[in-house]
Amino acid sequence: MKKQRFTIVNRLGLHARAAAQLVQTANRFQSDVTVEKEGMEVNGKSIMGILMLAAPKGSQIEISVSGPDMEEAFLAIAQLVENGFGED
């Protein structure tokens, strides 16, 4: 399992478009992805789960990935989050 804490850096936080990008990226891989914020853990492949986190800019989230392609999945998801989902 790979696990790391990230800070949401994009101005609008983890809103619908950013959440959709995260879910779309996670679904490219076989590995299980979970996202946790303040004790609430959700499936990283579920748009509703990600939106329920209500993570504004500056929020801390923890992403965990486990499975056969976890290295590649983790790298792709980490880059997406660290780059602010391609936003400002």
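No value in this document is a laboratory result; all are computed from the given coordinates. A quick note: this is a predicted structure, and the numbers were derived from the prediction, not measured. Cβ sites come from the backbone with ideal geometry, for glycine too, and all protein chains shown count toward neighbours.
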**Request:** Excluding residues on the same chain fewer than 8 positions from Lys57, give the lysines whose Cα lies under 19 Å from its Cα.
**Result:** Lys37
**Request:** Please tell me the relative contact order of the chain in percent, rounded to the nearest whole number, where contacts are Cα pairs under 8 Å and at least six residues apart.
**Result:** 45 percent
**Message:** So I have (1) 50; (2) 37; (3) 43, and one of them is percent of Cα pairs over 17 Å apart calculated from this model. Which one is it?
**Reply:** (2)
**Request:** Could you pull out every one of the aspartates and glutamates with an alpha carbon less than 20 Å from that of Lys3, ignoring same-chain neighbours closer than 8 positions?
**Result:** Asp32, Glu36, Glu38, Glu41, Glu62, Asp69, Glu71, Glu72, Glu82
**Request:** Please report Met52, Met70 as a ranked list, fewest other C-beta atoms within 10 angstrom at the top and most at the bottom.
**Result:** Met52, Met70
